[in-house]
1. Based on what the data block shows, is Glu336 over 23 Å from the mean Cα position of the chain (by Cα), at pLDDT below 90, of a type outside the set (S, T, N, Q) and surrounded by fewer than 17 Cβ atoms within 10 Å (Cβ to Cβ)?
2. Taking only pairs six or more apart or across chains, which ones have beta-carbon atoms under 8 Å, a first residue in region 44-65 that is of a type in the set (Lys, Arg), and a second residue that is open to solvent by 20 Å² or more (accessible area, probe 1.4 Å) and in a helix (DSSP H, G or I)?
3. Which of the residues that make up region 166-189 are in contact with a Gly (Cβ under 6 Å, 6 or more places away or on another chain) and part of a helix (DSSP H, G or I)?
4. Any residue at all in region 113-130 that is at positive phi, surrounded by fewer than 17 Cβ atoms within 10 Å (Cβ to Cβ) and modelled with pLDDT under 90?
5. Is there any pair linking a residue in region 9-30 that is on the phi < 0 side of the Ramachandran plot to one that is open to solvent by 80 Å² or more (accessible area, probe 1.4 Å), with Cβ under 6 Å and at least six apart or on different chains, and which?
6. Within region 97-106, is there a residue that is modelled with pLDDT under 80 and touching a Lys or Arg at 6+ places or on another chain (Cβ under 7 Å)?
7. Taking region 275-295 on its own, how many of its residues are at pLDDT 90 or above and at positive phi?
8. Taking Ala84 and the conditions (1) in a helix (DSSP H, G or I); (2) over 24 Å from the mean Cα position of the chain (by Cα); (3) at pLDDT below 75, which numbered condition does it fall short on, given that it satisfies the others?
Amino acid sequence: MSVSERILKKREQLGLSQTELAKRAGLQPPAISQYESGLRSPSYEALLKLSNALNVTTDYLISGKEVSENVINDQTISLLLKIAQGLSVQDKDKLLEYAVFLSADYPRNIPMPIESDFAEWVLRNHSNGTLPIDVHQIADKLNILIYEDELDEEGEGILFNGSQKIIVLNSRIKNSQRKKFTTAILIGHAVIPWHLKQKYYVRKSGSSTLLTEDIHEMEAQDFAAKLIMPQVHLNKDFIKTRASIESLKQLALEKYDVSLFALLNRLVEYAKDKYAVIQSENGGIIKTYPGNRPLNPTIDLSSITATFFDNPSSTEEIRQGDVPAKYWFADAQADEVVHEECIYNPEYGKVLTLIIRN
């Protein structure tokens, strides 16, 4: 079953029209039609929105894996199919010959992780379990070499995916958290068995990782998020810590060593019915993670976020308060109130907003 077929299947199971799904996901109805017909592939950002709206994981939309783990035989078959898709005609013939050979009950062990979650497999077998996750240490244990060099137009990082796997990071990128996420993405390409291209790039010139429509890139990004923000720790932190910009910023910087934006996105994924995240600049929305309710397409001028565009701060500042839900949600009730928290950093000129529903 393809990505388009899984979107269609889940939409019909929920009894939603294409227009209703588009509204819930913050997308346009023609886009849903194109995704379901296969005329257009959804970007990774669109898949994140669709997974929230359909109440499934992005992993399910990308690969068909349900939240619950499949039995080992089903996982093995799924893995073999994915590997086979990337093989040449000659290698497919070899695989078939080997499968016939194995049918004679001759014992063989395939040294490959048969997992529904490769990030979890890496964390369990190649990490000391402490936070923040040290991606260089993991790469070393996986025998992946890491170098830095000026890559010019070739992006923020490259994986040379040969018998000796080599990651080259762009030395011009100074943001350590961004470089860490790039490294984690490339480790994902190196670990996922059906990623068989000779080279994988991250953020080539003029591209965006979130806007990618490449399935391998989506899988590697999902791997990276799970690797550096392990679910087992998030489960504890999101229960213990009151969700606020200030507390989450502290968690992002001190515990996970990731950007606040990355952690907020994981928060929405963790509790789709409670949170929404919006990134904006110059009065316009750049990215949204709406959870399972439709967001308005524009910033309401009466919102707290809008005050940063009229009266920007010269230093990083957090502004917050309770506001009518209609400022943010297209399906808001007349008397509904939500809590709005937003942070502005003059260095980037962008506002990051967290909406908390009661």
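The values are calculated or read from the model by the stated rules, or taken from the named source; none is laboratory data. Only a predicted model underlies this, so the values are computations on that prediction, with no experimental measurement involved. Here the Cβ positions follow ideal geometry from the backbone for every residue, glycine too, while neighbour counts run over all protein chains shown. To get the accessible areas, we keep the full protein, side chains included, count just its heavy atoms, and leave off ligands, DNA and RNA. Shrake-Rupley method; radii C 1.70, N 1.55, O 1.52, S 1.80 Å.
1. No, not satisfied.
2. Qualifying pairs under 8 Å: Lys65/Asp59; Lys65/Ser78.
3. Listed by number, the residues that qualify are Thr182, Leu186.
4. Checked against the condition, which is being at positive phi, surrounded by fewer than 17 Cβ atoms within 10 Å (Cβ to Cβ) and modelled with pLDDT under 90, region 113-130 yields at least one hit.
5. Taking only residues 6 or more apart or on different chains, the pairs are Ala22/Gln28; Pro29/Thr19.
6. Yes, the conditions are met somewhere in region 97-106.
7. Looking only at that region, the number is 2.
8. The number of the failed condition is (3).
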